[in-house]
Structures are given as C-alpha cells and as structure tokens.
Amino acid sequence: MAEITRAPMARVGVDLAKNVIQVHGVDAGGRKLVSKAIRRDAFLAWCAQLPSGCVVAMEACSGAHHWARQLRAMGLDARLIPAHFVSPYRLEGRSGKNDMTDAAAVCEAASRPNMRFVPIKTAEQQGVMTLHRVREGLKEERTACINRIRGLLAEFDLVFAKSPKVLRAVLVDVLEDAGNELTGLARLVLQRAFEHWRELDEHLRWCDQQIGAHVRASAPARRAAKITGIGEIGASALTASVADFSQFKSGAQFGAWVGLVPRQNSSGGKTRLGRITKRGDDYLRTLLIQGAKSAVMSAAKRDDPTSRWLQALVERVGWQKACVAMANKNARILWAVMTREAGFDPSHVSEKPLAKCAKPPAVPEPCQA
C-alpha cells in the first residue's frame, strides 16, 4: 500500500477578530488542509509551525499591519488585501458571511495573480498617522464645541457671524454684559465651554508642532511640503501613509489610488465619465483637495505655468472642478518628486515624448553619366 503523505501548507487565509482568529490553509494545489479557530494569544505559536515562505493573507483592518510585521519577522510571506477585494471570492455570497467563509475568501483572493496587496506599514508610519487621526478628532470636537456655544447663545437671542474668530472676540464681553438675559448658571456653563474651546486649541497647536517636527526630520516630507498646495500637514500624512511611491507605476495610478479620477460607465466604445471615484483614504484625498483650494485661490498672485493653467481652468470649467483637477495634478507631481528624489520646480514644463515614426525611405542617388 502506497504511503499517504500530507502536503505542506502553501497558503493561509486569516480572518482577524478581537478574541478568536479563524484560519483557512491550503496546499499548492488548492486543497484544504485546515480550517479552524485559534485563540488570539496562540496565533503566533500556530504560525511558527508553518513552512518558511508560506503566504499568510489577511484583510487590511485594525491590527493587520501589526500581525503582518510579526509574521514577516518569522520568515512568512504576510500579505494584506483590501476588504472590498475579498468579498467577491466568498462562495456563499452575502447571505453566508461568517468567520470561516471570510477566511476561505481571503485565502482564495490571495491566490489571484493580479491581486493588489496593501503595503505593510512600519511602526513609525503608524505612529505618525496616530498624530493625524487624533488631530482630526480634535478638530471635529472643536467644531462641535463652537456650534454648541453658538446654539446656547441663540436661545437667548444672541446671534453672531458664522466665524469662530468673531465669536471668540465677542464671547468674553457677552459673558460680562449684565444687560442680556443670560442667567448666572448659563454664564458659568458658557464660561466652562469657552475654556474647553481654548483647551482644544492648545491641543491642536501641539499636534501642529509635532507634525512640523516630523516634516523637518524627514527628507521626503520636506520635498513634498514645497509643492504648491501640499503644505506641512499634507506632506506629513502622505509620506507616512505611502512610504514607497515606486509601488505605483505612474502618477496617474497614484491619483487613481487616492480616488481623484472620474468614475467610468463606458461601454460599446463610448466613454462616459462621472464624478471622482473617492476610493482610497478619505483623509489623504481631503488634504489634497483642501490644499488645492488654497492653490487655486492664490493662483493670481503667482506667474508659474501651473498658476496660469489654473486661472484659465477656473474660467473654463468653474472653481470647484478646477480644485479637484489641481488636487489630481498635485498627486501626480508628488509621485514624480518622490520617485525621482528631486526637488519641486514650479517653473518646470513637462514634455511628452515624441511618437516613434517610420524610418523615411532612402533617397536614390542621382545617376552619373
């Protein structure tokens, strides 16, 4: 009787969770070898038994970059897949979603030769991004605090212009004015809310200082910050999120990754373009568009080719579309600056390569008498 040998594990799909991690392993031929749930604290010990170079695929979710770094340190080929690329490979469809089918779908998606994987971030990159995430949360909290103060004042018919600067300038006088209907308790509440507003401003200033320190300490971030419409905050976030810009084939692909290219609904040779796709990281796309708005607003003060193009574009398609176009242009410029490791030149004019033409026919030499 021939001996039956167990094939080595070639690929493992992992569905991450808080307490239990589901794994689905197959051999090189795609035959299922294991499908089980593992406790979180026992996951690395189980992965240590896998052969070196085994592909371990996970969805790009919370904690995925941490696990991927740990697995790569063990000699395994850890890969991260965007969640929306995994769902089409779930055989049970939407009605059969659970940890086991998700792990199997991840394993199947990782086997596709054209699958796009998410680059694994370093701990330093994630540390910088925590600063940006906290800053965004503080901004939202400050906006809510200002609106709360404005709404409470409106209850006593105290209405002011829609500007935090204006409200801050008059708020102290309003609280000290005995001629309005504010009660003693209302004044104490509004005073405490005002102190909270100033405290949030102090936290935001600290975040901006840390972002500025990161830009000054990073050569790629310094190059990115010099691009018109990027600035320190955008340069810090973009270089921390995308450490290696050479993973994109071109600036156009990077712009599509950020979600700044139009949607397509083309068929039958007819091209139909719509609004931008809004794929990728919302925060990075927002920074590019907000920076582009400042570049468009100040374009008349500059005389470089991009600024002249912007002014003509605003007259032709309008201010909002020009801002999105400038954001896409900045994404392409950023890719070129990062991949070529060259400084930004606002006077640079790109030249398209000439099309290859056929070799002209040889002219016959004149006959000699």
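The values are calculated or read from the model by the stated rules, or taken from the named source; none is laboratory data. This one's a predicted model, so the numbers in the text were calculated from it and none came from an experiment. Here Cβ is always computed from backbone atoms with ideal geometry, including for glycine, and neighbour counts include all displayed protein chains.
All of (1) more than 25 Å from Gly280 (Cα to Cα); (2) among the hydrophobic types (A, V, I, L, M, F, W, C); (3) at pLDDT below 95 hold for Ile21 with one exception: (3).
Scanning segment 212-233 for residues that are closer than 17 Å to Arg135 by Cβ and part of a helix (DSSP H, G or I) yields Gly212, Ala213, His214, Val215, Ala221, Ala225, Gly231, Glu232, Ile233. Residues that are among the hydroxyl-bearing types (Ser, Thr, Tyr), part of a helix (DSSP H, G or I), within 30 Å of the chain's Cα centre (by Cα) and surrounded by fewer than 17 Cβ atoms within 10 Å (Cβ to Cβ) are absent from segment 59-75 altogether. When only residues in segment 67-118 that are under 21 Å from Cys54 (Cα atoms) and basic (Lys, Arg) count, which is modelled with the lowest pLDDT? Per the stated criteria, the residue is Arg116. Name the helices (runs of 4 or more DSSP H) wholly within segment 282-340 that hold at least 3 residues that are in contact (Cβ under 8 Å) with a residue 24 or more places away in the chain, among the polar types (S, T, N, Q) and closer than 25 Å to Phe245 by Cα? Where helices (runs of 4 or more DSSP H) fall fully within segment 282-340 and carry at least 3 residues being in contact (Cβ under 8 Å) with a residue 24 or more places away in the chain, among the polar types (S, T, N, Q) and closer than 25 Å to Phe245 by Cα, they are 319-340. Just one residue in the set Leu91, Leu153, Leu80 is surrounded by 14 or more Cβ atoms within 10 Å (Cβ to Cβ), closer than 30 Å to Gly30 by Cα and not assigned by TED's automatic domain parsing to the domain that holds Arg285; that residue is Leu80. How about segment 162-172: which of its residues are in a loop (DSSP other than H, G, I, E, B), of a type in the set (D, E, K, R) and closer than 18 Å to Leu200 by Cβ? Hits for segment 162-172: nothing passes. Annotation note: of Arg198, Arg187, the sole residue that is under 24 Å from Leu131 (Cβ atoms), more than 17 Å from the chain's Cα centre (by Cα) and in the same structural domain as Arg133 (by TED's automatic domain parsing) is Arg198. Let me confirm something: among Thr130, Thr101, which residue is closer than 22 Å to His214 by Cβ, hydroxyl-bearing (Ser, Thr, Tyr) and outside the structural domain of Asp281 (by TED's automatic domain parsing)? On inspection, the qualifying residue turns out to be Thr130. Here Lys18 fulfils each of the conditions (1) surrounded by fewer than 16 Cβ atoms within 10 Å (Cβ to Cβ); (2) closer than 23 Å to Arg116 by Cα apart from (2). Could you count how many residues in segment 134-161 are assigned to a helix (DSSP H, G or I) and more than 30 Å from Gln210 (Cβ to Cβ)? Number of matching residues: 4.
Of the candidates Arg263, Arg316, Arg302, the single residue that is farther than 25 Å from Thr228 by Cβ and at pLDDT 90 or above is Arg263.
Within segment 101-133, the residues that satisfy the criterion of being surrounded by 13 or more Cβ atoms within 10 Å (Cβ to Cβ), polar (S, T, N, Q) and assigned to a helix (DSSP H, G or I) are Thr101, Gln125, Gln126. For Gln253, the conditions (1) over 16 Å from the mean Cα position of the chain (by Cα); (2) assigned to a helix (DSSP H, G or I); (3) of a type outside the set (D, E, K, R) are fulfilled apart from (1).
Here Leu182 fulfils each of the conditions (1) surrounded by fewer than 11 Cβ atoms within 10 Å (Cβ to Cβ); (2) hydrophobic (A, V, I, L, M, F, W, C); (3) over 40 Å from the mean Cα position of the chain (by Cα) apart from (1).
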